[in-house]
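Taking it in order: structure first as C-alpha cells, then the write-up.
The values are calculated or read from the model by the stated rules, or taken from the named source; none is laboratory data. A quick note: this is a predicted structure, and the numbers were derived from the prediction, not measured. Cβ placement follows ideal geometry from the backbone for every residue including glycine, while neighbour counts extend to all protein chains displayed.
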Amino acid sequence: MARHKPEPLVFELSRPGRGATAQYPAAESADVPEAFRRRQPPPLPEVSELQAVRHYTRLSQLNFGIDTHFYPLGSCTMKYNPRACNSLAMLPGFLGRHPLAQAATGQGVMACLFELQEMLKHVTGMAGVSLTPMAGAQGEFAGVAMIRAYHRGRGDLARTEIIVPDAAHGTNPATATMCGMKVREIPTLPDGDVDIAALEAALSPVTAGIMLTNPSTLGVFERRIVEIARKVHAAGGLLYYDGANLNAILGKVRPGDMGFDVIHMNLHKTFSTPHGGGGPGSGAVGVGQRLLPYLPVPVVAREGERYRWLDERELPESIGRLSGFMGNTGVLLRAWVYMRILGAAGMRRVAEYSTLNANYLLARLQQAGFDAAYPGRRASHEFILTLKRQAREQGVTAMDFAKRLLDHGYHAPTTYFPLLVPECLLIEPTESETREELDGFVEALSAIRREAETDAAAVKSAPHTMPVRRLDDVRAARQLDVAWKPAVA
Amino acid sequence: MPYIPHTSDDVRTMLDRIGVGTIDDLFDEIPKALRIDALEGVPDALPEMDVARLAGVRAAADGQPLNFIGAGAYEHHIPAPVWALVTRGEIYSAYTPYQAEASQGTLQIMYEYQSMIAGLNAMDVSNASLYDGASALAEACLMAVRAHRRSKSARILMPSTVNPACRRVARAITEGQGLRLDAVPYDAATGRIDPKSLAAYAGEDITAIVVPQPNFFGQLEDADALTRWARANGALVIAAVNPVPLALLSPPGEWGDGGADISCGDAQPFGVPLSSGGPYVGFMACRMEHVRQMPGRIAGRTVDTEGTPGFTLTLQAREQHIRRAKATSNICTNQGLLMTAATIHLALLGPAGLARVARACIARTNDLVAALGRLPGVRAAFAGPRFHEAVLKLDRPVAPLLESLAAEGIIGGFDLARDYPELGDALLVCATETRTRADIEVYASALGRALGRPKAA
C-alpha cells in the first residue's frame, strides 16, 4: 500500500448526462403532482458503471481488513470471517424473502433462527434468547431495559442505579443513561479485579444492577465473580454480562453459571460475522428465568414441525420491539452457518486457541522486554501492554507505536482503552492467526522499539507508507466538512 | 480444526514459551466449579459442504415468491456491482475506522454516503448510519428532545400514519427517558393527517412532530402545511421518509418555511436485499445547528500533516467511547456494510436513474391498483396522490386470502387488521419497478379466483 494520488470523490468524477444506464428501469411518464415536486434534482453523482466499479475498488484498496492484514484490535475479535457464512446467507431464498411474508414461506429461515436461539441458550447457560437487537449496544439496551422492567414489574420503583466498573466499555454507562438509569462507577483493584469493598459500599436499595464484562476489558478473568453475584443478588440487584469478550470462554464456562441474569452476545465478534467497516453487528440477548417475560420481541417458537414468531400478543410484558422487523437476520444466518460448521467441540476450541494465542503473544512480548499491564495475571483472549516506560524514556507514545505498526503491515491494537491504563495497547490476536503471524508481530513491535531508541522522529511521524499521514483531527472538528456540496452556479 | 491453523508442533512450542503444560492450564484463574467439560445441546461439527446442503434445502423451501408487499421493506433491483464490491475483503472484513490512515477507503465511502443522504434530503449533514429506519426514528425523537432546549415537555406528536412497527420501536427505545409520544389521527377520507386537526395542540408545549412522507398507507402528506404548523407552534419537525421518491419529491430540508430539522428513514431500498428483515440501514440527516446532538459516527474531510486531503471520524465528543454516560446515544457499531451498499447503489443510479426507479414505482402501483380495483369487492380506500403503496378495502377478511395467495407463490400485501381495525378488511399493497405488468396480471387473476370462492362462514 504505497502513497498515492488521492482518489477523487465520486462527485468529482461526475459529468452531467452520464450514468450506469444498464441499471435504469424503462422510462415512465408517471410523476408526483406538481405541488409535491422537488425543484432541483438531488445532487447525486453521474458516473458510468465502470467508473463506479473502479472508484469503489480503489477505495477498498485503501483499507486494512482481516482478509488482507493481521488485525489485533483488542475487544473487537477480528478473526477470520468464513466465506461460507456469507455465500449461504445470500442464497436467493433467504435473500429475497420479505420479513412480513407469511410464515409458511419462511420455515427455512426460521428453522435456522430457532436453532441459533437454542445454541446460544446452551453456550451462555441462559433460559431464553432473543435475536432481535441489532448490535452489541442495542443488546445492552435490551438488557438494562429488561432489568428496569423486572424491578418495575415487582413494584420496586426505587431501583434506578446501575453500577459500572471504571474499566467498562463506554457503551455500558451510555446504555444505562439511555434507559433512564443513573450510573455509579466503582474502581478496579491493581490486580485487575473489581474492588469488592467499593462494590459493597455502592450496593443499596436503589441498585438496579451491575454491568460486567468477564473476562474484563483488562484482559483478565474476574476471579471473585461468584462472590460478586451473591452480593449483588443479596442487595436485590441483577447482573448484566457484556458479551464483548465471550470469545475467551466459549464452551469453557458459561455466564449463566457465573450468576448472570442477562447477557448480550456480539455475534460479529464471537460468532465471526463480518465487521463490515463498522457493522452490521448483532447483539442477541440471553436471560435467566426471572427475565424471560421481558425479552424483546419477536422470538421464534417451534410448534411441532412448524415455526412462528411470538410477538407482543404472546409476550405482553416484553420490553417491546427494538427493530422494524426481526433484527439483522442476514447476520444471524451467518452466525448460524459458523456455529454449525464449528459444532460443540469447535466452539470450545475457539476459547482454547484464542487464549493460547494471547498468552503466547504476551509471553513473547514480555520476553522481548515489553511491560504487561497485569504481569501477575493469566491473559484471557486479549491482554494489555503499557508503553509508559517508552513514553517516559523516548517520548514515543502508544499512538506512535500504533501508527508505526501500520507501516509494518499490521493493523494497530486498540489504543488508549481501557482508560485507566496509561499508554496502553489492548491486543487480541484471535484463534485464527498462525504462530508465524504472531512472531512477525513481535518482531515488528521490537523493531519499532529499537527505532524509537535511535530515531524517535521516524516513529513519531509514522505512518510513512499509508495513503495519508496523520490526519488533523482538530481541524476536522473545527472546520467541519462532512458533506460534499455542489458548487453554486 | 475449522478456522484454527495450529499444528500439534505449534501448540507444543507455544505452551513451552508460556511455561505451562496444557492449554487447559491457561484457564486456571477461572474457579474450577464454574468450568464445564463439554457443551450440551449444541450439535456436532459439520463440514462446509454439509451445512451448504442444509442451508440450500431450507432456502429453496422458502422459495422466491412474487412480492406485492412493502410496509417498510421494499424489493428493488440491486445492480450486480453493488454486492460484488461490498463483499470485497477489504470492505467486508474491516472494522470501524479507528486507525484512519489504514481506513481511508471506508472513511471516504462514509463521507460520500453522508453527502448523498444530505443531498437527497436537502439537509446540511448526515451521520454514517444507524441500525434501521425504526430505530433511527427513535433516535430522532431523543435527539429532538436534546436539541429543543426551550421545550420542557419531551412530547412528540406521532401521527398514526407513521409505520406502526416504527412507532412501537420508538416507544420501546424512548420510554426509559420519559418521552411522551402522542398519536395524531388521520383523515378517514384521505388517509393522511389533516393539518387542521393539529389546531387542538395550539398553545401547548410540543417538542416535535413526526411527518411521514410518503406515509404508511403510501399517501403523500401535506408536508409543507405540517411543517409550517410546527414552525408557528414552536415545535421541531422530524421527517420520516422513504428516500427513493426523494428523487422527485420536495425534500425535507425544503418543506414549509425553513424545512424539517431532522430527517430519518431506512436506506434499505438502496442496494440492500430484503433478507427477512435485515440487516438494513437507518439514515439520519439534520440541519447544521443540531449536529452536536446527532447520534452515530460521522466522517469528516481534513488534511494530513503534509496538507494532503484525507478523512477521519469527527465530532467524537458526542459518542459513548469519549462521553460515556453523557453521550448522545449508546450506538457504537452501526451498519457500515449496508451504508457502503447504499452508496454504491446511489452512485450507479445517479439522479436520472433514481428518478426512473421512482416513476416506475408510481406507474406499477397505479397499474396494480387499477387491476385489483377491477375485481368485485375490491376498491382503493383513499383518493389523493400516493407513491408505491396503496390501501385496498376488501369484502372479506384479508388473512385467509393472503394465506391462499402465498400457497400460489404470491405475497399479496400487508394485512392492516391488527394496526388499523377501523379500516375494516383492508390490505396494503406495493409494486416497485421490479414488478411487471405480467406479474400484476398474475396477482389479479389469483386474487380474482380467491375472491370468486364463497366467503368463509
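Data table
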item	result
Matching residues in the range B:4-57 - criterion: being at the interface with chain A (Cβ under 7 Å from one of its Cβ atoms), part of a loop (DSSP other than H, G, I, E, B) and of a type in the set (A, V, I, L, M, F, W, C)	B:Ile4, B:Ile30, B:Ile36, B:Ala38, B:Leu39, B:Val42, B:Ala45, B:Leu46
Selection status of A:Pro82, surrounded by fewer than 19 Cβ atoms within 10 Å (Cβ to Cβ) and not hydrophobic (A, V, I, L, M, F, W, C)	no
Subset of the range A:428-458 that is among the β-branched types (Val, Ile, Thr) and more than 14 Å from chain B (Cβ to nearest Cβ) - its residue that is nearest to A:Thr386 (Cα to Cα)	A:Ile448
Where B:Gly259 falls short, out of the listed (1) touching a His at 6+ places or on another chain (Cβ under 8 Å); (2) surrounded by fewer than 24 Cβ atoms within 10 Å (Cβ to Cβ)	(1)
Of all residues making up the range A:36-56, the number that are part of a helix (DSSP H, G or I) and either assigned by TED's automatic domain parsing to the domain that holds A:Leu438 or acidic (Asp, Glu) (or both)	1
Filtered residue count, the range A:154-184, keeping only those that are closer than 24 Å to A:Ala135 by Cα and acidic (Asp, Glu)	2
Residue match in the range B:183-201 (condition: within 12 Å of B:Ile156 (Cα to Cα) and not aromatic (Phe, Trp, Tyr))	yes
Any hit, the range A:438-448, residues being of a type in the set (Ser, Thr, Tyr) and either surrounded by 17 or more Cβ atoms within 10 Å (Cβ to Cβ) or over 14 Å from A:Asp400 (Cα atoms) (or both)	no
Helices (runs of 4 or more DSSP H) (entirely within the range B:86-168) containing at least 2 residues that are surrounded by fewer than 24 Cβ atoms within 10 Å (Cβ to Cβ) and of a type in the set (A, V, I, L, M, F, W, C)	B:133-147
Counted residues, the range B:330-366 - those being more than 7 Å from chain A (Cβ to nearest Cβ), touching a helix residue (DSSP H, G or I) at 6+ places or on another chain (Cβ under 9 Å) and polar (S, T, N, Q)	1
Matching entry among A:Ala379, A:Ala402 (being surrounded by 23 or more Cβ atoms within 10 Å (Cβ to Cβ), under 23 Å from the mean Cα position of the chain (by Cα) and assigned to a helix (DSSP H, G or I))	A:Ala402
Positions within the range B:292-312 being more than 7 Å from chain A (Cβ to nearest Cβ) and surrounded by fewer than 23 Cβ atoms within 10 Å (Cβ to Cβ), in sequence order	B:Arg292, B:Gln293, B:Gly307
Pair list, Cβ < 7 Å and 6+ apart or interchain, from the range A:464-486 residues that are among the aromatic types (Phe, Trp, Tyr) to residues that are modelled with pLDDT of 95 or more and crowded, with 19+ Cβ neighbours inside 10 Å	A:Trp484/A:Phe11; A:Trp484/B:Ser115
Of residues in the range B:411-455 being buried (at least 22 other Cβ atoms within 10 Å of the Cβ) and touching a Pro at 6+ places or on another chain (Cβ under 6 Å), the one farthest from B:Glu389 (Cα to Cα)	B:Ile411
Number of the condition not met by A:Asn359 [criteria: (1) in contact (Cβ under 8 Å) with a residue 40 or more places away in the chain; (2) surrounded by 22 or more Cβ atoms within 10 Å (Cβ to Cβ); (3) more than 19 Å from the chain's Cα centre (by Cα)]	(1)
Filter result for B:Ala73 (touching a Pro at 6+ places or on another chain (Cβ under 6 Å), within 7 Å of chain A (Cβ to nearest Cβ) and surrounded by 14 or more Cβ atoms within 10 Å (Cβ to Cβ))	yes
Residue check, B:Arg396 in a helix (DSSP H, G or I), more than 30 Å from A:Ala35 (Cβ to Cβ) and basic (Lys, Arg)	no
Out of A:Val474, A:Val482, sole residue that is more than 7 Å from chain B (Cβ to nearest Cβ) and not basic (Lys, Arg)	A:Val474
Failed criterion for B:Gly218 (all others in (1) within 20 Å of B:Cys141 (Cα to Cα); (2) touching a His at 6+ places or on another chain (Cβ under 8 Å); (3) not polar (S, T, N, Q) hold)	(1)
B:Gly256 vs. criteria farther than 30 Å from A:Tyr416 by Cβ and at the interface with chain A (Cβ under 9 Å from one of its Cβ atoms)	no
Looking only at the range A:143-166, and only at residues there that are crowded, with 23+ Cβ neighbours inside 10 Å and more than 9 Å from chain B (Cβ to nearest Cβ), the one that is nearest to the chain's Cα centre (by Cα)	A:Gly143
Set B:Tyr131, B:Tyr98: member being modelled with pLDDT under 95 and either under 30 Å from A:Tyr71 (Cα atoms) or within 27 Å of the chain's Cα centre (by Cα) (or both)	B:Tyr98
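Okay, residues lined up against (1) basic (Lys, Arg); (2) touching a residue at least 60 places away in the same chain (Cβ under 8 Å); (3) touching a Phe, Trp or Tyr at 6+ places or on another chain (Cβ under 9 Å); (4) not assigned by TED's automatic domain parsing to the domain that holds A:Leu218:
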site	(1), (2), (3), (4)
A:Gln366	no, no, no, yes
A:Phe370	no, yes, no, yes
A:Ala373	no, yes, yes, yes
A:Ile384	no, yes, yes, yes
A:Gln390	no, yes, yes, yes
A:Asp400	no, yes, no, yes
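Quick grid of which residues meet (1) touching a residue at least 40 places away in the same chain (Cβ under 8 Å); (2) closer than 26 Å to B:Gly133 by Cα; (3) not assigned by TED's automatic domain parsing to the domain that holds A:Pro418:
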{"residue": "A:Gly93", "(1), (2), (3)": "no, yes, yes"}
{"residue": "A:Glu118", "(1), (2), (3)": "no, no, yes"}
{"residue": "A:Ser130", "(1), (2), (3)": "yes, yes, yes"}
{"residue": "A:Ile163", "(1), (2), (3)": "yes, no, yes"}
{"residue": "A:Pro187", "(1), (2), (3)": "no, no, yes"}
